[in-house]
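The block underneath contains the structure these notes are about, expressed in structure tokens.
The values are calculated or read from the model by the stated rules, or taken from the named source; none is laboratory data. The structure displayed is predicted, hence computed values, not measured ones. Because the Cβ atoms are built from the backbone with ideal geometry, glycine has one as well, and the counts that use them run over all protein chains shown.
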């Protein structure tokens with residue numbers, strides 16, 4: 001049975017010496033937490049509908065014929081507080097506003113980043129449903145959703161009766177059969193093989209930038225071997241990354257505190273994810289502190305194939321600065 005606090009977040013009772021800038025410091029593991037239980041009260045039907053029935057319920061007023069989702073009141077405020085009734089509603093609608101995208105989340109949502117937090121107006125409903133939004137086309141950027149984007153509500157395979165039991169994806173990413181299916185499950189979607197951006201033919205400038213980027217990346221990998229900070233950034237992390245540019249392709253291999261780089265795509269294995277950028281100069285800018293990979297993804301200059309690999313991007317972004325600081 002899963003716990004409220006994941007096991008990996010429960011540290012051992014211990015103390016250790018950490019070294020920063022040539023100074024030694026004592027570090028101990030401590031804890032401060034609060035547990036509480038919360039009832040869903042009169043609106044339990046809505047949350048049980050998500051968890052057990054895989055249905056969305058709202059409150060409908062028989063006088064003004066309005067429907068509100070999620071249900072947040074039992075009496076209609078527009079009809080002298082006439083009693084409303086529970087009704088099932090559909091699972092398609094449109095974005096009420098352009099949703100903000102979260103790239104830096106606290107620990108409970110870290111495995112989901114990046115994700116959008118928007119409001120969807122379901123068909124036949126007057127109010128907007130707060131909901132997470134995702135894409136099946138690689139990493140989520142601010143360009144995927146906007147006000148009026150048609151969406152479909154998807155049910156997670158594992159549900160516990162919380163708002164996060166459902167999320168929305170653009171209808172443009174679904175087949176007609178998927179749009180028509182109710183409920184559409186998380187397992188009905190394929191997040192593993194999004195279409196990669198097509199690269200233009202490489203120019204002489206692209207190839208020159210690629211050669212410079214490969215040389216610098218090889219030097220960065222060597223720098224990681226001498227940098228305690230960089231090794232800490234990559235500790236316990238193993239990933240194979242394919243990087244495709246108009247100037248050429250390269251591979252990065254992260255192996256528990258180590259980094260290796262080589263020309264060409266990974267051989268003999270399927271990469272954990274793919275990075276695509278038109279101009280390899282972006283990689284040079286990353287390693288010279290001019291452009292973080294995170295910012296490049298948000299702006300659309302860099303594409304990655306797996307949304308949940310954003311944590312790897314965070315780790316890569318730390319490396320140039322970590323190696324630079326330890327080389328002083």
Quiz item: Of the numbered conditions (1) buried (at least 19 other Cβ atoms within 10 Å of the Cβ); (2) closer than 29 Å to residue 136 by Cα, residue 267 satisfies every one except a single condition; which is it?
Solution: (1)
Quiz item: Do we find that residue 218 is more than 30 Å from residue 136 (Cβ to Cβ) and surrounded by fewer than 19 Cβ atoms within 10 Å (Cβ to Cβ) in this structure?
Solution: yes
Exercise. Can you tell me which residue among 323, 311, 288 is surrounded by fewer than 16 Cβ atoms within 10 Å (Cβ to Cβ), within 22 Å of residue 230 (Cα to Cα) and modelled with pLDDT of 95 or more?
Key: 288
Quiz item: Within the bounds of the range 130-151, is there any residue that is touching a helix residue (DSSP H, G or I) at 6+ places or on another chain (Cβ under 9 Å), surrounded by fewer than 17 Cβ atoms within 10 Å (Cβ to Cβ) and without any contact (Cβ under 8 Å) to a residue 24 or more places away in the chain?
Solution: no
Quiz item: Take the residues of the range 289-321 that are assigned to a loop (DSSP other than H, G, I, E, B) and without any contact (Cβ under 8 Å) to a residue 40 or more places away in the chain: which is nearest to the chain's Cα centre (by Cα)?
Solution: 302
Quiz item: When you look at residue 254, is it within 23 Å of the chain's Cα centre (by Cα) and either in the same structural domain as residue 106 (by TED's automatic domain parsing) or crowded, with 20+ Cβ neighbours inside 10 Å (or both), yes or no?
Solution: yes
Practice problem: Give the range 6-64 a look and list any residue that's assigned by TED's automatic domain parsing to the domain that holds residue 167, assigned to a strand (DSSP E or B) and without any contact (Cβ under 8 Å) to a residue 40 or more places away in the chain, or say none. | Solution: 57, 59, 60
Self-check item: Among residues of the range 65-119, those that are without any contact (Cβ under 8 Å) to a residue 12 or more places away in the chain, part of a loop (DSSP other than H, G, I, E, B) and in contact with a strand residue (DSSP E or B) (Cβ under 9 Å, 6 or more places away or on another chain), counted
Solution: 2
Quiz item: Does the range 160-173 include one or more residues that are crowded, with 16+ Cβ neighbours inside 10 Å and either in the same structural domain as residue 244 (by TED's automatic domain parsing) or in a loop (DSSP other than H, G, I, E, B) (or both)?
Solution: no
Practice problem: Mind listing whichever residues of the range 291-303 are buried (at least 21 other Cβ atoms within 10 Å of the Cβ) and under 19 Å from residue 234 (Cα atoms)? | Solution: 293
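Let's see how each residue does on (1) modelled with pLDDT under 95; (2) in a strand (DSSP E or B); (3) assigned by TED's automatic domain parsing to the domain that holds residue 307:
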| site | (1), (2), (3) |
| --- | --- |
| 121 | no, yes, no |
| 132 | no, yes, no |
| 138 | yes, no, no |
| 141 | yes, no, no |
| 146 | no, no, no |
| 151 | no, yes, no |
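Can we say residue 211 is surrounded by fewer than 18 Cβ atoms within 10 Å (Cβ to Cβ) and assigned by TED's automatic domain parsing to the domain that holds residue 282?
yes
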